[in-house]
Structure formats: C-alpha cells, structure tokens
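Working notes, structure below.
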2 protein chains.
Amino acid sequence: MMGERSDARRIITGFSNPTVKALRALREKKHRKAAGKFLAEGLRLLTDARESGHIPETLVLSDKRDPHPLLSELERAVEASGGEIIETSPDILAKITGKDNPQAVAGVFAEFDTSLAALDRTSADIWLVAQALRDPGNLGTMLRTADAIGAGGVILIDDCADPFSVETVRASMGAIFTRRVARAEWADFEQWLRAGEGQLVAASLRDAQPYRSAPYAAPCFVMVGNESRGLPEEYELACDLRVTMPMKGRADSLNAAVAAAVLGYEVLAALDSGSA
Amino acid sequence: MMGERSDARRIITGFSNPTVKALRALREKKHRKAAGKFLAEGLRLLTDARESGHIPETLVLSDKRDPHPLLSELERAVEASGGEIIETSPDILAKITGKDNPQAVAGVFAEFDTSLAALDRTSADIWLVAQALRDPGNLGTMLRTADAIGAGGVILIDDCADPFSVETVRASMGAIFTRRVARAEWADFEQWLRAGEGQLVAASLRDAQPYRSAPYAAPCFVMVGNESRGLPEEYELACDLRVTMPMKGRADSLNAAVAAAVLGYEVLAALDSGSA
C-alpha cells in the first residue's frame, strides 16, 4: 500500500507551471477565498499541524531538502490521506512562499470553519477577541499568545486581517492549527456571547478598574481593538468589565497584540489562583 | 527674526532632486549610518519628538497639508533652531517615506548617542534589554512598551535591528524620542552592568522560578533573546534571576516583544507594591 510512492508524486521544474501559479496565488486573499485553501511553511509548523489533526492536501518539498524523520512522517501522513506531493527547486519554493530563503517544505490546507456556531465556549477558560485588527503580524502573535495562555482561540470582529494569510500563519508559529478562529460581525458576536456564559473584558480608559485586581471570571473574553482607533465606544460599553493598565509615559495605548498578552496573562493568573 | 520664513523654505517638485534622493536613502541602514541621520513621519510622532526636546534638522511638508496648530508649532521650532523646511508633493513624500498614503509631514533627525556610557541607570527602575532582536517591528514595540511601563529605555545587545529604521521608529509610536536606546556587545554590557547596581532578569526554562512571585529589584534589567534562537545559555546563566511564564499550549515561547511586555508589567507591579 505504501510502495507506490512515485505515483502520488509530481516533479515540477518550471516557474510558469500552472500549479506553481496556483500555489503562489494563495498569497493573495481573493485567491485564498476562491480556492478555500491556504499555505503554511516549515517542518515545525507542518508538524504542529499534523499532530493537531491537520494534514495538508498538497505537500511541496524542496529537491534540496535534508532527510528528517518528521519530514518522513509528514510525507506518510499526506500519502495516507490521499494528498499530493510535489517536488520542486528551492527557487520555485521561494517564488511560492515569497521568502528569499524558503523553508524546505510547504503545505496547502483547506481553510477551517470560522463560524461562531462551531465554537465550544466551554472548551477553554479564556478567549481572545480582536476588533478590526488590521496587521497580520499582530493577529498571528495573538494566536501564538492564545496557545501560550491556553485560550481557546481568537474571535475576529468586524473587518480584521485574514487569519489564513502567509504572514499571520507564520507569526502564529503553528497556533493557527491548534487554536480556534472565528469571524463575526459585532451584532452577531454580541448575540452569541449573551446566549451563554461569558464575561467580556476590555482595556479601557472609560470607568475602568485596575487590571491587577479585577474580578475576572471564566469563560473570559478578552477584547482588544483596532491598532489606530482602539475599540468603538459602543463595544467598550457592552463589556462586563473594563480594566486599565498603567501607562507611565507619553503614550496612552499599547500595541494591540501586547495589550492582549498582558491582559491575557493577568486573566490566566487570576483564574488559576481562584481555582487553586 | 521670525519674519523671513520664505528664506528658510525650499519647494521641491522633482523626483530626481538630489535632496529627495538623499532623504529617500535614509530608509537604508548604510545611508543612515553614513549620514548619522534618520527619518520619522507624522505630526503626532514629530510632536512627541518636539515635546521631548528633539527638533528635526529638516522638516518635509506636503503642499496638500491641512493647517494644524501643532504643525505650526513644529514649523516655528524648526525655524527657531535653524533647521530647513521643505515643501513638496504627496507623491514625493510617498517616495521618501515608502508609504502609499504618506503622512503630511516627515522630519530628519540626527541619530542619538547610543553608548552605554550615556545611560543613567538610576533614572528608571526598569530597563528592557534585547539580544540579537532582528525584527524592527518587535524593537519598535519594545520601545513603545518601555514608554508605557516607565522603563528608561531599551539596551540592544549584539546584532540587533536598527533602532533608527523607519519601521522601528513607526512601531515605537514616538517612544524612540522619549526613551533611551543603547547598543553594546555582551561583554561590554556585562562589565557596565556589574560596575553598578542592577538585577538582570530573563525568561528561561533553565532553573527558573515562577514569574508571578519572583523577587524583582530595581533597577531591574529585563532581557529577551533572538526571535528564533532565544538567549544564548551563557547569557541566561549570567542572569541574577531566571523566571518562567506559563506555557499551556504546544509552543514553548512567546513573541519576543510580547515576552518583554508581560514580564515588564509584572516587574512594574512588583516594584510598585514593594514601594507602596
């Protein structure tokens, strides 16, 4: 059954090959949306994906790759699930991934279900919520932080960066595969949130209490706003808890991903000590 | 003295003007280094600079700018300090700053003294230290966090991103002007550190204690390592305190700027409660 490896493999040598063009197009949002697929690079990321139950539909390997047991496992998993394996040159891999020094392996995955209905809020004590977050690096960093604090995932409100962009996937360091992502308009999120348990918390200057001693409760939804404008007033007022972090200098705000992390770690510590 | 505004002003209309080329070149590190100058954009950033005592040598204004009292103050400050004011088109400003939608104003500043000798460690209770930090966005975010927690600034060890790059200055949200930046090799930093008071702290997995209850002491130097490799073992072992943050998921590290912020806010809270 595993003997006919060559059948599932294709070797691509030409830059103008239609498959190369289709893979490269996944770097653009409209093509990802049309195809329902996205790209992830690197053995570590793809191993995180595999171990979390996500097997790429297509695996693209550099023909200059070094052998590695995790790479062999990955190849076996793709073959076993009926996926395709493509071998190509480092130059073509660089063209596909847009990186000068590409990793030796990249994978194409089907985009996940990002509806709120697919979220089980009771599966985690903390959730991160991002409103109109525009920077893919910030979004990836929030996913990475969500993994670190054991949050269930990141809920994207209004017009956010695409969680399946190459930059977000890269900055998530694999967390795109281990955390849930949901996308919703504010009204739909609010309705979903209030239909069950959940405390909505945001950093705010409006009628807020110190973040170090606030009464956090699980499941706690920690919300941060757009990089330039912050949260709309209406969203802040809808929160169950508004907290404030010290701002000792001239600035009145933190980077959005930093704010989510400082607040997220605080909630984690508060919930852990409460349950101890 | 203030009457002859037109004398200090130049109007530039051509893309190939040598001044435009020289300004645009400041986006590259080698040209910044040769000129000892760097670029910052935006009225808010330049106002932070002015209010912190940094007046641009050259101010570049869009000829399509809207009037603003802070802009007038800026112009007056540049004229009073003998600087030059250039008016040009939004297209040329976009070319200089490398942004599609440029801000209406940019300034050229002399690079600061970044020697350790110029730092007064007793001027703040917290300092951030970055080792081989490669991402300009991370460095800018660390500066922004340093401002928020009232840290004295960021000390750059070994080969770090350039603090005067357009990306770092932008991500710092003005903190490049309000915080100190120093650059040093590890051996020189260690010697400087041990010649005075100071507790060196790093997040580590080696023989570390929980970050929430660690005995932080001012002046506290919070160190984070390179984005991919973390800190060298030797540097971790040289720390007075190694602390560990919860990692509940698959990943074993945080984004470097996030780690610095979570730890920095913890140190701030510990020092504040200790002195209360």
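Key figures
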item	result
Shielding of B:258-265 by partner chains, average beta-carbon count, 10 Å	6
A:ALA110-B:GLU234 pseudo-label distance in nm [points 7 Å out on the Cα-to-Cβ vector]	5.2 nm
Only Lys, Arg (+1) and Asp, Glu (-1) charged, at Cβ; segment A:1-129 dipole about Cα centre in debye	600 debye
Expected 222 nm ellipticity per residue - DSSP helices of 4 or more, -39500 (n - 2.57), all of chain B, to 500	-10500 deg cm²/dmol
Farthest toward positive dipole pole in the protein assembly as shown [+1 Lys/Arg, -1 Asp/Glu at C-beta], among B:SER52, A:ALA35, A:GLY274	A:ALA35
Distance in nm between pseudo-label sites at A:GLU190 and B:GLN191 (7 Å out along the Cβ direction from Cα)	6.2 nm
Nm distances between copies for B:GLN209, ranked from closest, using label points 7 Å along Cα→Cβ	3.0
For chain A, size of Cβ-based charge dipole, Lys and Arg +1, Asp and Glu -1, in debye	660 debye
Kirkwood hydrodynamic radius of segment A:21-149, Cα pairs, Å	16.2 Å
Long-range amide H partners of A:GLN131 with built H, under 5 Å	A:ILE157, A:VAL224, A:GLY225, A:ASN226
Relative contact order [Cα under 8 Å, 6+ residues apart], segment B:116-275, whole percent	27 percent
Sorted by Cβ density within 10 Å, fewest first, the residues B:GLU190, B:GLU266	B:GLU190, B:GLU266
A:ARG27 paired with A:ASP63, simple spin-label distance in nm, labels 7 Å along Cα-to-beta-carbon	2.2 nm
Sequence of A:SER89, B:SER253, A:SER123 once ranked by neighbouring C-beta atoms within 10 Å, starting from the fewest	A:SER123, A:SER89, B:SER253
Check: the protein assembly as shown dipole with +1 on Lys, Arg Cβ and -1 on Asp, Glu Cβ, in debye	1040 debye
Rounded, prolate or oblate (a/c below 1.5 giving rounded, otherwise prolate when a/b exceeds b/c) for segment B:161-276 by Cα gyration tensor	rounded
Label zone at B:ILE11 (point 7 Å along Cα-to-Cβ), backbone N below 12 Å, segment B:74-101	B:87-89
Spatial separation of Cα centroids for segment A:100-124 and segment A:166-215, in angstrom	17 Å
Inter-copy separations for A:ALA94, label at 7 Å along Cα-Cβ, nm, ascending	2.9
Gap separating the Cα centres of segment A:233-276 and segment B:41-83, nearest whole Å	34 Å
Dipole of segment B:116-275, positive end: most advanced residue of B:GLY196, B:ALA118, B:THR244 [Cβ charges, Cα centre]	B:THR244
Alpha-carbon Debye profile of chain A, log10 I(q)/I(0) at 0.09, 0.10, 0.14, 0.17 Å⁻¹	-0.47, -0.57, -0.95, -1.22
Relative contact order (%) - chain B, alpha-carbon pairs under 8 angstrom, separation at least six	18 percent
Selection from B:GLN209, B:CYS160, B:ASN101, by position along the positive dipole direction of segment B:93-227 (Cβ)	B:ASN101
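No value in this document is a laboratory result; all are computed from the given coordinates. Remember, predicted model here, so these are calculated numbers, not experimental data. Cβ coordinates were reconstructed from backbone atoms using ideal geometry, including for glycine residues, and neighbour counts include every protein chain displayed.
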